[in-house]
Amino acid sequence: MATEPKQVSGEELDHDLAELLEIERFEPPAEFRERALLNDPAVYEEAARDPRAWWAKQAAELDWFEPWDTVLDDSEAPFYKWFTGGKLNVSYNCLDRHVLAGRGERVAYHWRGEEGQERDITYAELLAEVKRFASALKDQGVKKGDVVGIYLPMIPEVVVAMLACARIGAPHNVVFGGFSAEAVRERMEFSEAKALITVDGAARKGKTAPVKERVDEVMGDLATLQKIIVVRSKDVPCEMRAGRDVYYDEICAAADPECEAEPLDAEHPLYILYTSGSTAKPKGILHTTGGYLTGVSATHRYVFDLKPESDVYWCAADVGWVTGHSYIVYGPLANGATSVMWEGAPDYPNRGIWWEIVEHYGVTILYCAPTAIRACIKWGADWPNGHDLSSLRLLGTVGEPINPKAWLWYHKVIGSEQCPIVDTWWQTETGAIMITPLPGITATKPGSATQPFPGVAAQVLAESSGEPLEEGQGLLVLNGPWPSMLRTLYKEPERYIETYFKRFGSETYLVGDAARRDKDGYFWVIGRIDDVVNVSGHRLSTAEVESAIVAHPDVAEAAVIGQHDEDTGQAIVAFVTLQGDLEGDEHTVEGIRATVAERIGKFARPKRMIWTDDLPKTRSGKIMRRLLRDIAEGRALGDVTTLRDPAVMSQLEDRVKEMQAQED
Ligand code: ATP
Ligand code: MG
């Protein structure tokens, strides 16, 4: 029975948000706190007193074939090793142990296809399929240590493929399904993948896009790639090259249904994954077995306060990103969670589909990116308001700083002011969530990821002196190693040291993000180091200016960059998307400038404002400010391989030229 959905009109909402913006801190609701897995702040002290012991306690929640003898081996720092001597298997921990404990009938995934198809997959079913496919991989000549590429859309087989690789010790290299075949080739070539698992075709908002055909166009002469395994998903005819190409269903049917999980060293490579490419050419991050699974399972359990018997958890990311690896696949399965897996986009068949899914499956925990929330704000509150979202009890965000306005919209419209929000800061490199509220303990502040997770230590260092700051803005660092950290950049060990440890030594991981600590010691990650703008000697974070612009009621989204300026060193240029079908004019410009002046100060007012229907984003939805800087400075664009929609750039280039012509 659906309850009467609450209705909030646009005007009421703006009014309410303005009022909420005055509230500084949001305490966990008493009822939530009472029932939370962690509700005693003493946990932070326990972990800080002896981080190694704390992580060892988390690792002990997993099933080990052989115990470790050393928790942390730092003899070759910054190439750290965790739980050395121990042996385990990730797929065993994600599947077998739940089935052996009698939880085989629990649903692992409620899979939902673009056209409304449904498939519930239990832990027992998933295990059976993983075993078969793992056997099939062996039959195809894939051995422990061989790299296997995975280029699949959000279909259940992508999880099967990852776990089957983990079962036999073949590191996977997943390439996000939205990437071009060229990007896949590059990654397959670089990682010398022996096999690639792909699909005949993929659903794309009601159409079917051929995938295998594209792969064939670019993969032809890649000698290292010996097998292409094709999942038949959309009845797209494929050309199959004899000796190289095989169908997933056929090799599974012929394979041994049994396949024991291989006992692997704790430091055996689990996967390679390339970063989003927001700031530079993507980096190949290497994660290993024991420490990674320890980190993702502990954070997934405590950050999301997971009650596996009753929760329905949904991470609305794509498996192709680290968020998908850690919080769609490995964390939730290690914890025996029931998850939702959605094949499609947030706006197909309509802009209410997410909320229909939440209602339909009774989702209790929703984890998504600020970019998705901003899109929902653009589309209007009527979509979520048309559904019963009362099952939700906890909300999360990841991927970018979240503007307080978007946070409050999420809190109010989606969470009915009942759900704590966990704003989780982490990176592909960190493997797991690093800075985050604990929902039963932490009072949250909109836009702040709050505090390091227990066992994690972070600091903000002054940019000039490198001294830690109690309060103020500087470089974010993580102190000391943590189990789920990257082990190296794949085949680029020097770049690993250079990027993360050169500046402050092997004990201090340089994150690459700028952050601020406030008077309560809360961390505010405010963007990349490169995204800090210097106006007349004031160092401003793009995120803060953007949040001020977005606080204007007409604005849905904004990106800010610094442009060289003769008078002020740098001047602020704002690229702004307005809500719905609004058109920007002089009046809007003045309104926005006034909002910024009021929230930050007159010096932070944008000098130029450019209206745009969309911003250049990575395929994971992050704003690519470096491309905005390129066009503003009239330079050739840098690496665009991870740019989602090239059309956005040509529109923006025209706008910038128009504006420059007007100014001249
Ligand atoms: P590249 O490293 O190739 O430039 P990327 O940094 O975007 O790409 P990811 O590892 O996917 O690749 O993203 C991690 C980054 O995302 C963080 O360093 C940070 O800048 C940003 N980020 C993630 N979560 C948050 C958050 N909750 N608040 C603020 N920023 C976040
Ligand atoms: Mg990065």
Legend entry - Selected residue (criterion: nearest to the chain's Cα centre (by Cα)) from residues of segment 394-431 that are within 15 Å of ligand 1 (Cβ to nearest atom) and aliphatic (A, V, I, L, M): Val398
Inset, instruction - Being within 16 Å of ligand 2 (Cβ to nearest atom) and among the aliphatic types (A, V, I, L, M) is the filter here, so list the residues in segment 269-314 that pass it. - result: Ile272, Leu273, Ala280, Ile285, Leu286
Inset, instruction - Scan segment 598-618 and give yes if some residue there is more than 28 Å from Ser536 (Cα to Cα) and either in contact with a His (Cβ under 9 Å, 6 or more places away or on another chain) or not acidic (Asp, Glu) (or both), otherwise no. - result: yes
Inset, instruction - Run down Leu469, Leu510, Leu476, Leu486 and say which single residue is more than 12 Å from ligand 1 (Cβ to nearest atom) and touching a residue at least 24 places away in the same chain (Cβ under 8 Å). - result: Leu469
Inset, instruction - Go through segment 166-270 and tell me which strands (runs of 3 or more DSSP E), entirely inside it, have 2 or more residues that are outside the structural domain of Asp347 (by TED's automatic domain parsing), within 22 Å of Arg619 (Cβ to Cβ) and not basic (Lys, Arg). - result: 172-174, 195-199, 201-204, 207-210
Legend entry - Failed criterion for Ser464 (all others in (1) in contact (Cβ under 8 Å) with a residue 40 or more places away in the chain; (2) away from ligand 2 (no atom under 16 Å from the Cβ); (3) among the hydroxyl-bearing types (Ser, Thr, Tyr) hold): (1)
Inset, instruction - State yes or no: is Ala432 within 16 Å of ligand 2 (Cβ to nearest atom), of a type in the set (Gly, Ala, Ser) and surrounded by 21 or more Cβ atoms within 10 Å (Cβ to Cβ)? - result: yes
Inset, instruction - Out of the residues in segment 289-321 that are in contact with a strand residue (DSSP E or B) (Cβ under 6 Å, 6 or more places away or on another chain) and among the β-branched types (Val, Ile, Thr), state the one that is surrounded by the fewest Cβ atoms within 10 Å (Cβ to Cβ). - result: Val312
Inset, instruction - Report whether or not Gly431 is of a type outside the set (Val, Ile, Thr) and over 30 Å from Leu13 (Cα atoms). - result: yes
Inset, instruction - With a cut-off of at least 3 residues that are in contact with a strand residue (DSSP E or B) (Cβ under 9 Å, 6 or more places away or on another chain) and surrounded by 14 or more Cβ atoms within 10 Å (Cβ to Cβ), name the helices (runs of 4 or more DSSP H) lying wholly within segment 11-66. - result: 51-59
Inset, instruction - For segment 607-624, enumerate the residues that are of a type outside the set (A, V, I, L, M) and within 13 Å of ligand 2 (Cβ to nearest atom). - result: Thr618, Ser620, Lys622
Legend entry - Cross-chain or 6+ apart pairs with Cβ under 6 Å, segment 419-435 first and free of Cβ contacts under 8 Å to residues at least 40 places away in the same chain and within 20 Å of Pro28 (Cα to Cα), then part of a loop (DSSP other than H, G, I, E, B) and within 6 Å of ligand 1 (Cβ to nearest atom): Asp423/Ala449
Inset, instruction - Determine if segment 558-575 includes at least one residue that is among the hydrophobic types (A, V, I, L, M, F, W, C), open to solvent by 20 Å² or more (accessible area, probe 1.4 Å) and assigned by TED's automatic domain parsing to the domain that holds Val656. - result: no
Legend entry - Residues (in contact with a His (Cβ under 6 Å, 6 or more places away or on another chain) and within 16 Å of ligand 1 (Cβ to nearest atom)) located in segment 250-297: Tyr271
Inset, instruction - For residues that are part of a helix (DSSP H, G or I) and open to solvent by 50 Å² or more (accessible area, probe 1.4 Å), scanning just segment 630-650, find the one that is nearest to ligand 2 (Cβ to nearest atom). - result: Pro646
Inset, instruction - For Ser464, state whether it is over 27 Å from Glu27 (Cα atoms) and part of a loop (DSSP other than H, G, I, E, B). - result: yes
Legend entry - Answer residue from segment 322-357, given it is among the aromatic types (Phe, Trp, Tyr) and within 18 Å of the chain's Cα centre (by Cα) and is surrounded by the most Cβ atoms within 10 Å (Cβ to Cβ) among those: Tyr330
Inset, instruction - Name the strands (runs of 3 or more DSSP E) wholly inside segment 87-153 in which the number of residues that are within 11 Å of Ala164 (Cα to Cα) and under 27 Å from the mean Cα position of the chain (by Cα) is 3 or more. - result: none
Legend entry - Residue, farthest from Val576 (Cα to Cα), within segment 596-621, restricted to residues that are hydrophobic (A, V, I, L, M, F, W, C) and in a loop (DSSP other than H, G, I, E, B): Ile600
Inset, instruction - Of the conditions (1) out of contact with any helix residue (DSSP H, G or I) (no Cβ under 9 Å at 6 or more places or on another chain); (2) more than 21 Å from Glu400 (Cβ to Cβ), Thr568 clears all except one; give me its number. - result: (1)
Legend entry - Residues that are out of contact with any strand residue (DSSP E or B) (no Cβ under 7 Å at 6 or more places or on another chain) and assigned to a loop (DSSP other than H, G, I, E, B), drawn from segment 538-587: Ala551, His552, Pro553, Glu566, Asp567, Gly580, Asp581, Leu582, Glu583, Asp585
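The values are calculated or read from the model by the stated rules, or taken from the named source; none is laboratory data. Note that this is a predicted model, so its numbers are computed, not measured. With ideal geometry, Cβ positions are generated from the backbone for all residues, glycine too; neighbour counts draw on all protein chains shown. These area figures cover heavy atoms from the full protein model, side chains too; ligands, DNA and RNA do not enter into them. Shrake-Rupley method; radii C 1.70, N 1.55, O 1.52, S 1.80 Å.
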